[in-house]
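The values are calculated or read from the model by the stated rules, or taken from the named source; none is laboratory data. If you're wondering where the values come from, they're calculated on a predicted model, not measured in any experiment. Positions of Cβ are backbone-derived with ideal geometry, glycine not excepted, and every protein chain shown enters the neighbour counts. Accessible surface areas use protein heavy atoms only, side chains included; no ligands, DNA or RNA. Shrake-Rupley method; radii C 1.70, N 1.55, O 1.52, S 1.80 Å.
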Amino acid sequence: MVSMNSNQVEALIGLTATFGILVLLILPSVFGLVRERRIDRQIREAQEAREEVPAQKSSSRSTVPSTATWYAEGRRSKKLVSS
């Protein structure tokens with residue numbers, strides 16, 4: 001049977017503690033990398049799916065400017081006239 005003296009036990013405890021701290025420091029980075037790869041894969045799959053869809057016709061709705069655009073255009077023209 002192998003017996004360890006107190007110096008060896010302390011060294012083993014210190015080595016285990018150091019390794020545990022190292023793992024705790026590296027773990028968030030590993031999770032971040034895994035998450036980034038998953039997001040990259042989802043983006044790539046979405047782009048591939050988008051390329052597979054044939055070009056769609058534009059909608060049949062007329063391209064009448066919105067009320068906000070119409071209002072902004074009116075305000076701009078009034079400023080030009082009043083200057």
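All of A68, A55 fail the test of being out of contact with any His (no Cβ under 6 Å at 6 or more places or on another chain), of a type in the set (G, A, S) and either at pLDDT 90 or above or open to solvent by less than 100 Å² (accessible area, probe 1.4 Å) (or both), apart from A68. Taking each residue of the stretch 36-54 that is touching a residue at least 12 places away in the same chain (Cβ under 8 Å) and looking for partners that are open to solvent by less than 100 Å² (accessible area, probe 1.4 Å) and of a type in the set (A, V, I, L, M) with beta-carbon atoms closer than 9 Å, six or more apart or interchain, yields nothing.
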